[in-house]
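One structure is given below, encoded as structure tokens.
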Amino acid sequence: MHNPKIYYYVHTGHRIGLDRFRRACTILRLFKDVDITLLCSDFRIAQVACDFGIEKSVGIDVVRNIPHIANQGDKLIFDSDEANPIMLEDMKHFFSSFVHIKNDMVVVDDKYFKKYDKTIEIALFFGDDDYEKDLEKNFSFFNGLDLDLQLGFYYFLDYEDMLREKFPRHHEFEDYDELITKSKILITPSPQAVLENLASGGKPIYIQREDYTSKYQKIFDKLNIPVVKGYDKKQLVIILESIDNHNYYKVQQNSVQTYKFIKENLNL
């Protein structure tokens, strides 16, 4: 009888960023005693997944190739919006257990729910991807702000070098956790970074990038997180002027609930 293997597929890439990947790593750490192979739609991040505590990771070029790695009857956690309804139905029949992680599912690692000294007054994390160099195109939006910059994983080398010169206080990709937890104010279009900074006691401001999902809007409304749309500099200035008195609501620590939900749906 086939002993089903468990896979976790996550959509990543130089036009997608790593929000889903960071969420997947958080979930996989909850299942550290379970043999799960992470499938990434990008070979580069799959090669360094071990730095995030992931023991098994494989890069695949397209989502359709998942059945080339898995066998019928295996189990799959699926974190992507790539599949159409027909493909999702096919997956549900191919795998004995299928868990679909929706794009707006909130999962924040327990490590962020601690008290951190805020040694960085205000920081910018534009996301792990910026293929169209939108940060450079919108430098005027950030002019006048004395920012620390968190560099992204998928930035081109020449672009990264230019940003290092533009922002003397820049932080490498490996310093992500330190910047997120130590920033008093974090300006970012990354929903995951917003939630992690808020959990660690920060005051995040969400920048809605045109190429990023807007499905987190209801969650941000519930948590009273300020949102800036269309690179509206006046709106950003107003938010910053009143941010010390802005009342944020706490993001819930839900690792136990997440673990139970996935465990039950995987029939473990």
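The values are calculated or read from the model by the stated rules, or taken from the named source; none is laboratory data. Please read all numbers here as calculations on a predicted model, not as lab measurements. A quick note on method: Cβ atoms are made from the backbone with ideal geometry, for glycine too, and the neighbour counts reach across all protein chains shown. Areas reflect the complete protein model, heavy atoms only, side chains present, ligands, DNA and RNA absent. Shrake-Rupley method; radii C 1.70, N 1.55, O 1.52, S 1.80 Å.
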Region 1-23, subset free of Cβ contacts under 8 Å to residues at least 60 places away in the same chain and of a type outside the set (S, T, N, Q), residue farthest from Asp175 (Cα to Cα) = Met1
Quickly run through region 98-146 and pick out the residues that are basic (Lys, Arg) and part of a helix (DSSP H, G or I).
-> Lys111, Lys137
Can you tell me which residues in region 200-222 are crowded, with 18+ Cβ neighbours inside 10 Å, at pLDDT 95 or above and out of contact with any Lys or Arg (no Cβ under 9 Å at 6 or more places or on another chain)?
-> Pro204, Ile205, Tyr206, Phe220
Picking from Ile225, Ile243, the residue that is surrounded by 17 or more Cβ atoms within 10 Å (Cβ to Cβ), out of contact with any His (no Cβ under 8 Å at 6 or more places or on another chain), at pLDDT 95 or above and hydrophobic (A, V, I, L, M, F, W, C) would be Ile225
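Listed here are the residues, each with its yes/no results for (1) within 30 Å of Glu160 (Cβ to Cβ); (2) acidic (Asp, Glu).
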position: Ser96; (1), (2): no, no
position: Asp110; (1), (2): no, yes
position: Phe113; (1), (2): no, no
position: Leu124; (1), (2): yes, no
position: Gly127; (1), (2): yes, no
position: Asp130; (1), (2): yes, yes
Long-range neighbours under 8 Å by Cβ, at least six apart or interchain, first residue within 21 Å of Lys233 (Cβ to Cβ) within region 141-164, second open to solvent by 10 Å² or more (accessible area, probe 1.4 Å) and among the basic types (Lys, Arg) = Phe141/Lys233; Leu147/Arg169; Asp148/Arg169; Leu149/Lys166; Leu149/Arg169
Residues of region 133-162 that turn out to be surrounded by 12 or more Cβ atoms within 10 Å (Cβ to Cβ) and either among the small types (Gly, Ala, Ser) or over 14 Å from Ile187 (Cα atoms) (or both), as a count = 11
Residue under evaluation Tyr176, criteria (1) under 21 Å from the mean Cα position of the chain (by Cα); (2) not in a helix (DSSP H, G or I), criterion not met = (2)
From the option list Asn197, Asn267, Asn254, single residue qualifying as modelled with pLDDT under 95 and surrounded by 13 or more Cβ atoms within 10 Å (Cβ to Cβ) is Asn254
Under 8 Å between Cβ atoms, at least 6 apart or on separate chains: pull out the pairs that start in region 62-73 with a residue that is farther than 20 Å from Asn84 by Cα and end on any residue that is exposed (fewer than 11 other Cβ atoms within 10 Å of the Cβ) and not basic (Lys, Arg).
-> Asn71/His2; Gly73/His2
Filtering region 54-74 down to residues that are at pLDDT below 90 and either of a type in the set (A, V, I, L, M) or touching a Leu at 6+ places or on another chain (Cβ under 8 Å) (or both) yields Val62
